[in-house]
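So the structure is just underneath, and the comments pick up after that.
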Amino acid sequence: MFETINILLKQNIRNIKTKIKESPVLYLVFLIMMIFSILVFSFTTYFLQIIETKIDVSLNDLYFIIFFIFFVKSAVDFYNSFIKSDNVLYPLSTEVSHKRTISEIFLSILIINLIIWFSFSGLYLFFLSFFRIEIFYPFEYLNFFIGVLSGVFLGITISINFFSPKRYRLIPTVILLAFFYYVNEPLFITLTCPLSFLHLLWSIRNAMESHKYIRRKERLKEKSEIKIRSVIKSLFYRETTIIWRDKLFYSFVSISSFVGLSTGYLYVYGDELFIPERLLELYSGFLPSVFVFIGVFVVVIYTAVFPSLNLFLNEEKTMWIIRHLPLSDDSLVFGKTSTLILCFVAAIPFIPYTTVFLGIEKIIFLSWFLAYSFIAGVIVSVPLGVKYVGKKSDIMLLYSVSMILFGILGFGAIFGSYIESRIDYYLWVYLLILIIEAFVLFLSLKISTRILRVKYS
Amino acid sequence: MIEINNVTKYYGKIHALRDVSLKFNDSQVISIMGENGAGKSTLLKICVGILPFDSGEVIVDGYSIKKNSIKARERIGYLPEMPEMYDRLTGREFLFYIASLRKIKNAEDKIDEITKNIGINNFLDYEIGTYSKGMKQKISITTAIMHEPSNLLLDEPVYGLDPLTSRRIQDFIKRNNGSTVIATHSTQLVEQVSDFVYIIMRGKVVLYDKVENLLKKHGSIEDAYFHTKDEINV
């Protein structure tokens with residue numbers, strides 16, 4: 001009885017234990033940060049109670065935030081533990097009914113989420129009592145608790161039905177969510193919790209179908225992608241597959257979006273935040289440009305320099321694969337470098353996020369400067385990556401490249417701003433600069449080819 | 001056919017190969033033996049073109065590995081001693097990647113045939129990072145032979161393999177029409193598949209003979225090896 005729950009809970013606990021053993025400092029810091037965040041959250045509550053501010057956070061807002069967090073978390077949990085899981089094949093292959101196995105997976109997710117809810121809410125209430133705030137609100141707490149339950153039920157339901165071949169099964173969930181949004185009343189979610197539960201029970205009956213459908217789809221997708229390609233396309237496919245599977249692409253996109261937002265925010269409010277009021281008149285207007293420069297610099301280091309260096313630096317042990325094949329050094333360098341197109345695509349979110357703050361009139365300069373900086377990053381990094389294959393000096397290299405790039409980008413920023421303000425046909429000048437850069441990039445790749453040839457002959 | 005003429009290789013101050021000259025003819029299986037660090041793997045890597053050397057010349061089917069390296073590498077199949085591969089690719093993706101780079105025709109059929117024969121076909125859709133040493137070896141063997149090279153360079157080919165696969169690899173080596181060069185410590189493998197044996201010590205070839213002759217003279221390759229080693233030490 002409950003073998004699957006036992007195993008899943010054990011696996012989760014052991015995972016945490018192993019991670020703590022492997023990197024105790026990291027997890028200690030993580031734990032401290034979590035407790036600290038709850039403390040800050042409690043303090044904010046206290047602060048909002050004693051001081052009148054323009055910020056208006058209602059209990060309803062908090063309820064919906066918590067509901068949404070558990071809704072998303074349980075959807076992801078169920079996807080990882082059942083829909084896409086390989087481990088689940090073992091319990092599914094035994095004589096235990098599939099429905100029971102899936103119900104046990106649901107229960108294990110419910111238990112884990114409730115443990116998280118009780119520990120976090122308990123700690124929050126403890127800190128509130130520490131600030132001498134009344135915490136005895138049993139009805140509200142029950143309301144929140146049932147909200148968490150509903151979030152978990154609907155999260156799992158949406159995970160099952162979203163990946164089902166029959167997507168119309170999502171309709172009841174969508175209708176419920178639409179009602180939640182329309183009524184905008186926590187009590188409504190609480191009262192409809194039995195309905196969410198019934199919907200979950202109905203969905204569990206169809207969960208096996210979703211699991212099989214996703215696995216079949218993955219198999220077909222993988223098979224259709226595995227085929228004979230041209231040399232350059234093969235190299236491109238190999239590199240991008242690894243970027244994709246290591247989740248680097250998501251990481252690039254999130255970093256460029258986050259840096260874009262921060263840059264834009266600092267562009268608008270940076271002066272007030274960092275320059276003392278009495279110096280504001282003197283230095284106003286200087287910092288915003290610096291923030292844009294630093295924003296582009298950070299995005300380029302992360303999305304251009306880091307992957308360009310690693311195209312070859314990481315190949316130490318696998319160099320035999322590409323070197324023993326009848327490939328020209330040109331194909332190798334150009335094929336691998338073509339992967340950076342994907343990295344450039346990942347850097348693009350920086351532009352819209354920054355433009356929201358800077359204004360649409362800056363979009364041309366921003367786009368040009370990002371493209372210029374990206375290409376400059378690749379020009380400097382690829383030959384150095386080839387030169388130092390397997391030298392284990394990537395941090396030093398990254399630092400050196402960053403310093404060189406700082407100069408090149410600084411020059412570009414000043415020059416770009418100057419021609420934009422002085423020359424009417426500045427767009428053509430921008431284009432000309434990019435064409436010249438593309439030619440320099442070609443030379444840089446040729447130099448990399450030469451370095452590779454000398455290194456191995 | 002591979003000709004190695006006066007090849008010298010240094011690793012810093014260490015003299016890894018000293019003026020080595022060898023010839024591997026077609027339809028012959030040649031084994032290279034020697035203690036750890038003698039220069040066997042270095043010699044194979046030089047023949048494949050993945051390791052630069054200081055002086056000398058390597059010719060593969062008439063093409064210099066330095067001057068015509070692409071033509072030379074087209075004619076070589078290579079199995080490294082410790083096959084490191086891309087862990088995040090599946091076995092199938094990796095084999096198709098190599099087949100694409102080698103521009104092999106009918107790659108799918110060839111991959112199917114070889115992987116079935118050596119018993120790895122059921123694991124091709126798993127990521128290589130999850131493979132055991134033997135499974136990686138099987139994938140690596142497939143990459144070495146799928147383009148039907150005229151020269152096969154195998155570094156410890158049966159190390160880590162199960163007995164059945166090991167037997168199949170040995171049968172394949174015996175059937176191969178081109179030259180097959182094996183760097184190995186296994187005297188049993190040498191006796192079973194090789195026509196000739198080279199013994200290298202401290203970067204120099206100290207013995208070259210037919211396996212048949214050595215067996216007649218010493219009774220076993222192991223005895224021949226120790227006898228040669230003793231002679232050198234004296």
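The values are calculated or read from the model by the stated rules, or taken from the named source; none is laboratory data. What you see is a predicted model; the values in this text were computed from it and never measured. All Cβ positions, glycine included, derive from the backbone under ideal geometry; neighbour counts span all protein chains shown.
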Practice problem: Inspect all residues belonging to the stretch A:248-261 and state whether any of them is closer than 23 Å to A:Tyr79 by Cβ, touching a strand residue (DSSP E or B) at 6+ places or on another chain (Cβ under 8 Å) and not hydrophobic (A, V, I, L, M, F, W, C). | Solution: no
Quiz item: Can you tell me which residue in the stretch B:53-93 is modelled with the lowest pLDDT, limited to those that are under 30 Å from A:Thr241 (Cα atoms), hydrophobic (A, V, I, L, M, F, W, C) and in contact with a Leu (Cβ under 9 Å, 6 or more places away or on another chain)?
Solution: B:Ile70
Practice problem: Go through the residues of the stretch A:189-196 one by one and say whether even a single one is under 31 Å from the mean Cα position of the chain (by Cα) and not basic (Lys, Arg). | Solution: yes
Self-check item: Qualifying residues in the stretch A:200-232 (those that are in a helix (DSSP H, G or I) and among the β-branched types (Val, Ile, Thr)) - the one farthest from A:Leu177 (Cα to Cα)
Solution: A:Val231
Practice problem: Kindly indicate whether any position in the stretch A:239-252 is of a type in the set (S, T, N, Q), in a helix (DSSP H, G or I) and within 14 Å of chain B (Cβ to nearest Cβ). | Solution: yes
Exercise. For residues that are under 21 Å from B:His227 (Cα atoms) and surrounded by fewer than 23 Cβ atoms within 10 Å (Cβ to Cβ), tally how many sit in the stretch B:173-188.
Key: 4
Self-check item: Qualifying residues in the stretch A:96-147 (those that are more than 24 Å from A:Tyr79 (Cβ to Cβ) and among the polar types (S, T, N, Q)) - the one nearest to the chain's Cα centre (by Cα)
Solution: A:Ser121
Quiz prompt | Selection status of A:Leu432, without any contact (Cβ under 8 Å) to a residue 24 or more places away in the chain, in a helix (DSSP H, G or I), surrounded by fewer than 16 Cβ atoms within 10 Å (Cβ to Cβ) and of a type outside the set (D, E, K, R) | solution = yes
Self-check item: Conditions (1) more than 14 Å from every other protein chain (Cβ to nearest Cβ); (2) farther than 25 Å from A:Trp368 by Cα; (3) among the charged types (D, E, K, R); number of the one not met by A:Lys455
Solution: (1)
Practice problem: Please work out if A:Ser203 is under 22 Å from A:Ile83 (Cβ atoms), modelled with pLDDT of 90 or more and in contact with a Leu (Cβ under 6 Å, 6 or more places away or on another chain). | Solution: no
Quiz prompt | Matching entry among A:Leu201, A:Leu220, A:Leu235 (being free of Cβ contacts under 8 Å to residues at least 12 places away in the same chain and within 14 Å of chain B (Cβ to nearest Cβ)) | solution = A:Leu220
Quiz item: So which residues in the stretch B:21-49 are surrounded by fewer than 20 Cβ atoms within 10 Å (Cβ to Cβ) and within 23 Å of A:Thr318 (Cα to Cα), if there are any at all?
Solution: B:Asn36, B:Gly37
Exercise. State which residue is surrounded by the fewest Cβ atoms within 10 Å (Cβ to Cβ) when the search covers only the stretch B:211-234 and only residues that are among the polar types (S, T, N, Q) and in a helix (DSSP H, G or I).
Key: B:Asn233
Practice problem: Please go through the stretch A:313-332 and pick out each residue that is part of a helix (DSSP H, G or I) and either without any contact (Cβ under 8 Å) to a residue 40 or more places away in the chain or within 14 Å of another protein chain (Cβ to nearest Cβ) (or both). | Solution: A:Met319, A:Trp320, A:Ile321, A:Ile322, A:Arg323, A:Asp329, A:Asp330, A:Ser331, A:Leu332
Quiz item: Here are A:Ser103, A:Ser42: which of them is in a helix (DSSP H, G or I), closer than 26 Å to A:Trp202 by Cα and hydroxyl-bearing (Ser, Thr, Tyr)?
Solution: A:Ser103
Quiz prompt | Cβ-Cβ under 8 Å pairs, at least 6 apart or on other chains, the stretch A:19-37 side in the same structural domain as A:Leu128 (by TED's automatic domain parsing), far side charged (D, E, K, R) and modelled with pLDDT under 80 | solution = A:Tyr27/A:Lys19
Self-check item: From A:Asn184, A:Asn161, residue being polar (S, T, N, Q), away from every other protein chain (no Cβ under 14 Å), closer than 30 Å to A:Asn60 by Cβ and in contact (Cβ under 8 Å) with a residue 60 or more places away in the chain
Solution: A:Asn184
Self-check item: When residues of the stretch A:333-359 are limited to those that are touching a Phe, Trp or Tyr at 6+ places or on another chain (Cβ under 8 Å) and part of a loop (DSSP other than H, G, I, E, B), the one surrounded by the most Cβ atoms within 10 Å (Cβ to Cβ)
Solution: A:Thr339
Self-check item: Which numbered condition A:Arg323 misses (of (1) touching a helix residue (DSSP H, G or I) at 6+ places or on another chain (Cβ under 6 Å); (2) within 19 Å of A:Arg453 (Cβ to Cβ))
Solution: (1)
Practice problem: Considering (1) touching a helix residue (DSSP H, G or I) at 6+ places or on another chain (Cβ under 9 Å); (2) in contact (Cβ under 8 Å) with a residue 60 or more places away in the chain, say which one A:Gln49 fails and leave the rest. | Solution: (1)
Quiz item: Of all residues in the stretch B:149-170 being among the aliphatic types (A, V, I, L, M) and surrounded by 19 or more Cβ atoms within 10 Å (Cβ to Cβ), which is farthest from the chain's Cα centre (by Cα)?
Solution: B:Leu161
Quiz item: Right, A:Ile38: touching a helix residue (DSSP H, G or I) at 6+ places or on another chain (Cβ under 9 Å) and either surrounded by 13 or more Cβ atoms within 10 Å (Cβ to Cβ) or more than 26 Å from A:Phe153 (Cα to Cα) (or both) or not?
Solution: yes
Quiz item: Among strands (runs of 3 or more DSSP E) lying entirely in the stretch B:167-210, which contain 3 or more residues that are more than 15 Å from B:Leu152 (Cβ to Cβ)?
Solution: B:196-201, B:204-210
Quiz item: What is the number of the single condition among (1) within 15 Å of A:Leu340 (Cα to Cα); (2) of a type in the set (A, V, I, L, M); (3) within 19 Å of the chain's Cα centre (by Cα) that A:Val259 does not meet?
Solution: (1)
Practice problem: Check whether at least one residue in the stretch A:267-278 is within 12 Å of chain B (Cβ to nearest Cβ), of a type in the set (A, V, I, L, M, F, W, C), over 27 Å from the mean Cα position of the chain (by Cα) and part of a helix (DSSP H, G or I), and report yes or no. | Solution: no
Practice problem: Would you be able to tell me the number of residues in the stretch A:302-311 that are within 14 Å of chain B (Cβ to nearest Cβ) and farther than 15 Å from A:Ile379 by Cβ? | Solution: 1
